[in-house]
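Right, one structure below, let's go through it.
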Amino acid sequence: MDYRGKIALVTGGGSGIGAATARLFAEAGASVIIADRNGAAAKALADMLPRATAIEVDVKDAQACIDMIAHIRARHGRLDCAFNNAGITEVTALQGAPMPETHDLPLDVWRQVLGVDLDGVFHCLRAELPLMLESGGGAIVNTTSLQAHISYPRTAAYTAAKHGVLGLTKTIAKEYGGRNIRCNAVSPGVVDTPLTAGVIHSDEYRDMLLAPIPLGRFAQPEDVAKAVLWLCSEGAGYINGAVIAADGGYLA
């Protein structure tokens, strides 16, 4: 996959799946904009990659997303690929507190998860689409989850958000496909990142989490990143409105 001359945006790019995707875009020749709420992490990665720049963005803030795209327009004049990946879970929002049942879920946690995971994707799309239209088209990938298809108890906010992102992806695909903008989604399974390592490699949870995965291993961030780059590539030029489950067969 040759991305020389292409401009790619990755939100949530400071760590995990986003960081792996930014690295692969850079290795393939793209100029990469790494956006993250943690500006220091985004800059640290950008400093390690060729043709990469960092920008601190909280995707809950609609104006911040508009400003992010204004920065890309001023610097590059176009946007070819966008990976709308920034996200959190109830675990993050609760800051380690026990996961409550849905009727006890604090409203601020609901709003925070929906604000990042669903509103944030919409804010990015709303800002990205005009520049892609000016650029003559582009490819968008949104991060959903296994929980865009199934659910687990005590994950009402995250599940609702990810189902919403899947629907939003299909809407954009239908609405903008005729103007050379493709929009797809990737649904990661259980991914081995610093954020999840303490749980998925613990004696308490490891075997339980591995059991439903036919490939018999957890995903690495690069496993998901490769799917994202393919979805943005000319090789996926007729793929629009689809969701790729990078889950080792879990949903099967």
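Structure notes:
- Remark: the range 20-77 carries a charge dipole of roughly 140 debye about the Cα centre, counting +1 on each Lys and Arg Cβ and -1 on each Asp and Glu Cβ.
- Straight-distance crosslink candidates among aspartates and glutamates, where the alpha carbon sits under 14 Å from Lys43 and sequence neighbours closer than 8 are dropped: Glu56
- For the range 200-229, the set of trypsin sites (Lys or Arg not before Pro) satisfying both a DSSP loop assignment and a count of at most 15 other C-beta atoms within 10 Å is given as Arg217.
- Normalised by the number of residues in the range 1-151, the mean separation of alpha-carbon contacts (under 8 Å, six or more apart) gives a relative contact order of 23 percent.
- In order along the range 102-113, the phi-based Karplus estimate (6.51 cos²θ - 1.76 cosθ + 1.60, θ = phi - 60°) of 3J(HN,Hα) comes to 4, 6, 10, 5, x, 4, 5, 5, 3, 5, 5, 5 Hz; Gly and Pro are listed as x.
- Note, ³J(HN,Hα) from phi for the range 36-51, Karplus 6.51, -1.76, 1.60, rounded to Hz, x at Gly and Pro: 7, 5, 8, x, 5, 5, 4, 5, 4, 6, 4, 5, 8, 10, x, 6
- A DSSP coil position with no more than 12 other Cβ atoms inside 10 Å describes the following GluC sites (Glu not before Pro) in the range 38-109: Glu101.
- 3J(HN,Hα) along the range 190-207: 7, 10, 7, 10, x, 5, 9, 4, x, 8, 6, 9, 7, 4, 6, 10, 4, 5 Hz, from the Karplus curve 6.51 cos²θ - 1.76 cosθ + 1.60 with θ = phi - 60°, whole Hz, x for Gly and Pro.
- Scanning the chain for cysteines with no neighbouring cysteine C-beta under 4.7 angstrom from their C-beta gives Cys65, Cys124, Cys183.
- Student exercise, the range 1-157 dipole from Lys, Arg, Asp, Glu Cβ charges, in Debye to nearest 20: 500
- Proximal lysines to Lys226, defined as alpha-carbon separation beneath 20 angstrom and excluding residues fewer than eight positions away on the same chain: Lys6
- Listed residues Val228, Val199, Val57, most fluctuating in the chain (Gaussian network, C-alpha, under 10 Å): Val199
- The alpha-carbon of Lys174 sits under 23 angstrom from the alpha-carbons of these lysines, leaving out residues fewer than 8 places away in its chain: Lys162.
- Residue of Asp104, Asp47, Asp117 that the Gaussian network model of the chain assigns the largest fluctuation, springs spanning Cα pairs under 10 Å: Asp104
- Cα-based helix-to-principal-axis angle, 62-76 vs the chain, degrees rounded to 10: 40
- Taken about its Cα centre, the range 95-251 carries a charge dipole of about 480 debye when Lys and Arg each add +1 at the Cβ and Asp and Glu each add -1 at the Cβ.
- For the chain, the longest principal axis of the Cα atoms and the long axis of helix 120-135 meet at an angle of about 20 degrees.
- Principal-axis tilt of helix 16-27 within the chain, Cα atoms, nearest 10 degrees: 30
- Helical runs assigned H by DSSP (4 residues or longer) give the chain a calculated mean residue ellipticity at 222 nm of -12500 deg cm²/dmol, each run adding -39500 (n - 2.57) before division by the residue total.
- Here's how it looks for Ala52: its modeled amide H is under 5 Å from those of Val32, which are all 5 or more places away or on a different chain.
- Where GluC sites (Glu not before Pro) fall in DSSP loop in the range 154-252, at most 10 other Cβ within 10 Å: Glu204
- Relative contact order of the chain, pairs being alpha-carbon contacts under 8 Å that are 6 or more residues apart, as %: 19
- Largest GNM mean-square fluctuation among Leu168, Leu231, Leu133, using the chain with Cα springs under 10 Å: Leu133.
Here, each number is a calculation from the coordinates, and none is a lab measurement. This one's a predicted model, so the numbers in the text were calculated from it and none came from an experiment. Note: ideal-geometry Cβ built from the backbone for every residue, glycine included; neighbour counts use all protein chains shown.
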